[in-house]
Amino acid sequence: MSDIQIARDSGVLEIRFNRPAKKNAITNAMYGAMADALESGAADADTRAFLFTAEGDFFTAGNDLVDFAAQSSGAFNGPRHVGRFLQRMIEAEKPVVAGVQGHAVGVGVTMLLHCDLVYVAESAKLTTPFIDLGLVPENASSLTLVERLGHARAFALLGLAEPLLGPDAAAYGLANAALPAAEVETRARAAAQALAKKPAESLRLTKNLMRNRERLLLRMQEEGELFAERLKSPEAAAAFAAFLGRR
């Protein structure tokens, strides 16, 4: 069974993390599948909204660090799809909804800042341990987290890697609501289906007015250049070696 499941129903294209044994850690191939889904949905008039869901206790543990360690060491060959996925999330003109039923780490948190509606489990913990890995924030999160949470809360999340709990994510404006975990997916799917029934062009124009994509893409590019440099840094190498040693 695929690590990313794609389904279409009632105008909603659902992208589901389906690697629960690995906490839905995202591999390069998974990024490619998600980017492909976003691209096909953008071109499909029958797709009116996107929905992200997940199987298991984690929404996603973020990047698969074995994959990342290979990239850091230069052992990785072939196209890297993470940038394409992140860009498609920012460029999406159709509404994007996320049902975060469990913990989210790294890109599992930063991608939520490019969703239009987010429903999170009360028991979920959201963490962004980029600095602990010798890296820097990505996905324009050095901009969007500060704007959404304020500098002090954003720096606690990025600098200290303090977890943001589900109720606080809702209280601070990162999520629309915090719910019992069993209710999250149902609520998110209902919201996506409601959006799919709205006048599509009015919804597209409204979302376009609300987002400065050029600014977000520029910040993502700035972060990406630093991120690529840091992947090859001694700090990152030590962090990845420690992680692989624990495995």
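Summary table
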| item | result |
| --- | --- |
| Flag if Glu93 is surrounded by fewer than 20 Cβ atoms within 10 Å (Cβ to Cβ) and closer than 17 Å to Leu51 by Cβ | yes |
| All positions within segment 31-69 that are within 21 Å of Val184 (Cβ to Cβ) and assigned to a helix (DSSP H, G or I) | Met34, Ala37 |
| Val97 vs. criteria more than 23 Å from Gly245 (Cα to Cα), under 14 Å from the mean Cα position of the chain (by Cα), aliphatic (A, V, I, L, M) and assigned to a strand (DSSP E or B) | yes |
| Within segment 63-90, considering residues that are of a type in the set (A, V, I, L, M, F, W, C) and at pLDDT below 85, the one surrounded by the most Cβ atoms within 10 Å (Cβ to Cβ) | Phe68 |
| Flag for Thr60 being farther than 21 Å from Glu222 by Cβ, surrounded by fewer than 23 Cβ atoms within 10 Å (Cβ to Cβ) and in contact with a Gly (Cβ under 7 Å, 6 or more places away or on another chain) | no |
| For Ala171: the one exception among (1) within 21 Å of Val120 (Cβ to Cβ); (2) surrounded by 14 or more Cβ atoms within 10 Å (Cβ to Cβ) | (2) |
| Residues of segment 179-213 satisfying the condition of being among the β-branched types (Val, Ile, Thr) and either more than 16 Å from Ala92 (Cβ to Cβ) or crowded, with 16+ Cβ neighbours inside 10 Å (or both) | Val184, Thr186 |
| Qualifying residue in segment 214-237 (condition: surrounded by fewer than 14 Cβ atoms within 10 Å (Cβ to Cβ), modelled with pLDDT of 95 or more and more than 20 Å from the chain's Cα centre (by Cα)) | no |
| The one condition in (1) more than 13 Å from the chain's Cα centre (by Cα); (2) over 21 Å from Leu38 (Cβ atoms); (3) surrounded by fewer than 23 Cβ atoms within 10 Å (Cβ to Cβ) that Leu135 fails to fulfil | (3) |
| From the options Ala152, Ala156, Ala190, residue that is under 28 Å from Glu55 (Cβ atoms), of a type outside the set (D, E, K, R), part of a helix (DSSP H, G or I) and free of Cβ contacts under 8 Å to residues at least 40 places away in the same chain | Ala190 |
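The values are calculated or read from the model by the stated rules, or taken from the named source; none is laboratory data. All values reported here derive from a predicted model rather than from experimental measurement. Reconstructed Cβ throughout: ideal geometry from the backbone, glycine too, with neighbour counts over all protein chains shown.
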